[in-house]
Amino acid sequence: MAETLLSLRDIAVRHGEVTVLRLSRLDVERGEILAIIGPNGAGKSTLLRVMGMLQQPSAGIIHFRGEEVGRDNALLMRRRTASVFQEPLLLNASVYENAALGLKLRGLGRAEIRERLHPWLERLRISNLASRRVRTLSGGELQRTSLTRALALDPELLLLDEPFSALDPPTRESLLIDLREILNQTGVTTVFVTHDRHEAFMLGSRIGVLREGRLLQVGPGLEVFTRPLDESVAEIVGADTRIPALVESSANGVARVRFDGGVAEAMGAFNAGARVILCLRPEDIILSRETGAPRDAERPNRLRVKVLKIIPSTLHYRLALQCRGSQLSALITRSAFMNLGVNVGDDLIASFNPAAVHIIPIRKQ
Amino acid sequence: MALIWDGIVTAFSLVFGGDAEVWSITWLSLKVSGLATTISLVVGIPLGILLAMTRFPGRSLAVALVNTGMGLPPVVVGLFVSIFLWRSGPLGFLDLIYSPAAMVIAQVVIAFPIVAGLTLTSFQTLNPNLGLQLLGIGASKPQLLWLLCKEARLPLLAAVMAGFGGVISEVGASMMVGGNIRGQTRVLTTATVLESGKGNFDIAIALGLILLALSFAVNFLLTHIQQREQIRWPKPS
């Protein structure tokens, strides 16, 4: 069983009357990469500051390696962690001096600093910039310096607060790939907060979803993305199609649900008559032209839809679809879009696998 | 013109001729203003940092008081320090009136709000998250303060220059609390006032030029340190 490196219990952070973070329990296991996603203002940065012992919570207990964190040992505990923020907050000095700063603060000698820093400067591909003043660097180079400064400390816990959000897409992609490799190779325990689902899914071995200061769900990435616990999580993880539905029947692990627009079959056991939310990820919807007899369109998991809106992007096309009183969102590749020759107002068939349908029971208020 | 030329010639002869009184006046000016500036830095920098980095009830009032203090008229400072140090005043038992110590006290009152105000401004120009980031890589509180001071070193040097410039050139407070006593509390500014009052313009000009040279030398040194790290603006294409 994995060792718990950091545990948070009954944490609350209040700003005046407003509670910005309320967390009953969260454990970070040694060696894992926990990605926390949530919209702006969800409390992600506050959570990271609490984890990094940079902010005293209004209530609650933090344990690091089983030891309770208090004012007396906060510096000692902080020195086992390293934080990287959204902005590469560097001193007005050279790349080397900045990257060496954390080691210097720990009282290491010049030779030891050089020995420990050199491989990281190489690994982050900034050794050629070592003597450059940071003022002359690009955004990506600045963030690489900031990451070098943190990684060179060989921290037990690495805390990353949206470190890529200020970078242009190609720089972000390249840095993300490098960081993924480094984290996998070193096995350093990492908590990474972001509002970008793609980054979270790419880096996180576990994903937590935070909204309005509350942790709504934590689990393996695929589980959180395909089996959100409630509608809020579904929205945050990108299950864009969320339709109110009614369970007609449920037998042999397959539930049949009816909604305004058709019938769907989903995996799982639910009570007949229960009100639920039918969730679908946009990439799980397959679009085709109607070819068979019109009756075919009314099979479960096969809906007759009208194209309302087409939103193009470089890799995919996002289509807003109307199915009687329900709206669906589908994501198709550019080539599939071209093959179909879709226009606004076209009638199409939207189909999906029962395993792709996720049913969220509506809790009674 | 002849008057100015005579003044310059006299200044050179007084300085390079080794006039003992001029040297002792110059040395006292440097000692009093140097010590007052040092004390102002010791008091003003922490006060400026405190005002920049903390929030407490009455902070706005404190900032307004510091900003007002940056423009305190030296004669007003001289008046109140005199009253306090006067033999029958609240601090009269210290027996400091008409002494270099009294002049240092008055100059500290003039300089420390300047240093505190400029420190406050220089810390407020730093990114507010920088402190959090430094703590996030393991800085202790004293290390954090040291690093932030280093990061704000350019404007902080400006605070040192402004503080020193404010006190080396003031005359009202030094005159009132020092009394311009020959050989004891006579400094370059008070001596210049005295000599020009007596019509000895050549000596007054000479003392004024020495004061200017002294002020320039100190500021040149500090400017040199400051501008070593000047930001290089790109050349317009």
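The values are calculated or read from the model by the stated rules, or taken from the named source; none is laboratory data. Nothing here was measured: the structure is a model prediction, and the numbers come from that model. Cβ placement follows ideal geometry from the backbone for every residue including glycine, while neighbour counts extend to all protein chains displayed.
For this structure, a couple of remarks:
- Filtered by the rule that a residue be in a loop (DSSP other than H, G, I, E, B) and buried (at least 21 other Cβ atoms within 10 Å of the Cβ), the range A:24-49 gives A:G38, A:A42, A:G43.
- B:V177 vs. criteria within 23 Å of the chain's Cα centre (by Cα) and within 30 Å of B:D6 (Cβ to Cβ): no
- Scope the range A:114-149; condition closer than 20 Å to A:E173 by Cα, within 13 Å of another protein chain (Cβ to nearest Cβ) and either surrounded by fewer than 16 Cβ atoms within 10 Å (Cβ to Cβ) or not β-branched (V, I, T) (or both); matching residues: A:L142, A:Q143, A:S146, A:L147
- Flag for A:L89 being under 25 Å from the mean Cα position of the chain (by Cα), surrounded by 14 or more Cβ atoms within 10 Å (Cβ to Cβ) and more than 14 Å from chain B (Cβ to nearest Cβ): no
- Within the range A:160-184, being within 22 Å of B:G136 (Cα to Cα), of a type in the set (D, E, K, R) and buried (at least 19 other Cβ atoms within 10 Å of the Cβ) holds for A:D161, A:E162.
- Filter pass, B:L145 being within 14 Å of chain A (Cβ to nearest Cβ) and either in a helix (DSSP H, G or I) or among the polar types (S, T, N, Q) (or both): yes
- Residue count, the range A:304-325 (criterion: over 18 Å from A:G262 (Cα atoms) and either assigned to a loop (DSSP other than H, G, I, E, B) or not assigned by TED's automatic domain parsing to the domain that holds A:A336 (or both)): 3
- Some residue of the range B:176-195 being of a type in the set (S, T, N, Q), within 28 Å of A:F85 (Cβ to Cβ) and surrounded by 24 or more Cβ atoms within 10 Å (Cβ to Cβ): no
- Inclusion of B:P128 among residues that are within 30 Å of A:R80 (Cα to Cα) and within 14 Å of chain A (Cβ to nearest Cβ) is warranted.
- Subset of the range A:313-343 (residues that are of a type in the set (S, T, Y) and closer than 13 Å to A:E283 by Cα): A:Y317, A:S329, A:T333
- Strands (runs of 3 or more DSSP E) within the range A:50-167 that include 1 or more residues touching a Leu at 6+ places or on another chain (Cβ under 6 Å) and farther than 18 Å from B:A139 by Cβ: A:59-64
- Exclusive hit being at pLDDT 95 or above and either surrounded by 19 or more Cβ atoms within 10 Å (Cβ to Cβ) or part of a loop (DSSP other than H, G, I, E, B) (or both), set B:V77, B:V66, B:V109: B:V109
- Test result for A:L229, within 25 Å of A:G38 (Cα to Cα) and in contact with a strand residue (DSSP E or B) (Cβ under 7 Å, 6 or more places away or on another chain): yes
- Test: B:L135 is of a type in the set (A, V, I, L, M), surrounded by 18 or more Cβ atoms within 10 Å (Cβ to Cβ), at the interface with chain A (Cβ under 7 Å from one of its Cβ atoms) and in contact (Cβ under 8 Å) with a residue 12 or more places away in the chain: no
- Scan the range A:94-113 for residues that are more than 14 Å from every other protein chain (Cβ to nearest Cβ) and among the hydroxyl-bearing types (S, T, Y) and the total you get is 1.
- Tallying residues that are farther than 13 Å from A:V218 by Cβ and surrounded by 16 or more Cβ atoms within 10 Å (Cβ to Cβ) within the range A:13-23 yields 5.
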